[in-house]
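Below you'll find the structure, written out as structure tokens, and then a few comments.
The values are calculated or read from the model by the stated rules, or taken from the named source; none is laboratory data. Predicted, not measured: the structure shown is a model, and the values here were computed from it. Don't worry about glycine lacking a Cβ; one is built from the backbone with ideal geometry, like all the others, and counts go over all protein chains shown. Accessible surface areas use protein heavy atoms only, side chains included; no ligands, DNA or RNA. Shrake-Rupley method; radii C 1.70, N 1.55, O 1.52, S 1.80 Å.
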Amino acid sequence: SGALIPVLPYLFGLSGITALVVSAVLVGLALLGTGMVVGLLSGGPPLRRATRQLLIGYGAATVTYLLGLLFGTAAG
């Protein structure tokens, strides 16, 4: 499941910034992969679709993080 990808580093015992970076890289690879598949299936340029998917995914994560800061919520 796609929801499991960000959690994998923590399941393997990583923590802190290392786990965060590994998680971001894994999610980025998943976003690029799904974007490329969409490009191939739709007949569009796969690299362009992959980049678009990556930017949308990371953009959504950034907005969510900033909203959390704005409203004073904390993870963990």
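Some points to look at:
- Tabulated pairs, region 4-33, first without any contact (Cβ under 8 Å) to a residue 12 or more places away in the chain and within 26 Å of LEU47 (Cα to Cα), second aromatic (Phe, Trp, Tyr) and open to solvent by 50 Å² or more (accessible area, probe 1.4 Å), C-beta under 7 angstrom, 6+ apart or interchain: none
- Qualifying residue in region 66-76 (condition: modelled with pLDDT under 90, surrounded by 11 or more Cβ atoms within 10 Å (Cβ to Cβ) and part of a helix (DSSP H, G or I)): yes
- Qualifying positions in region 1-23 - part of a helix (DSSP H, G or I) and surrounded by fewer than 14 Cβ atoms within 10 Å (Cβ to Cβ): GLY2, ALA3, LEU4, VAL7, TYR10, LEU11, GLY16, ILE17, THR18, VAL21
- Any hit, region 52-62, residues being outside any helix (DSSP H, G or I) and surrounded by 10 or more Cβ atoms within 10 Å (Cβ to Cβ): no
- Against the test of being at pLDDT below 85 and among the β-branched types (Val, Ile, Thr), the options VAL63, VAL7, VAL21 yield a single qualifying residue, VAL7.
- Residue match in region 31-44 (condition: part of a helix (DSSP H, G or I) and either in contact with a strand residue (DSSP E or B) (Cβ under 7 Å, 6 or more places away or on another chain) or basic (Lys, Arg) (or both)): no
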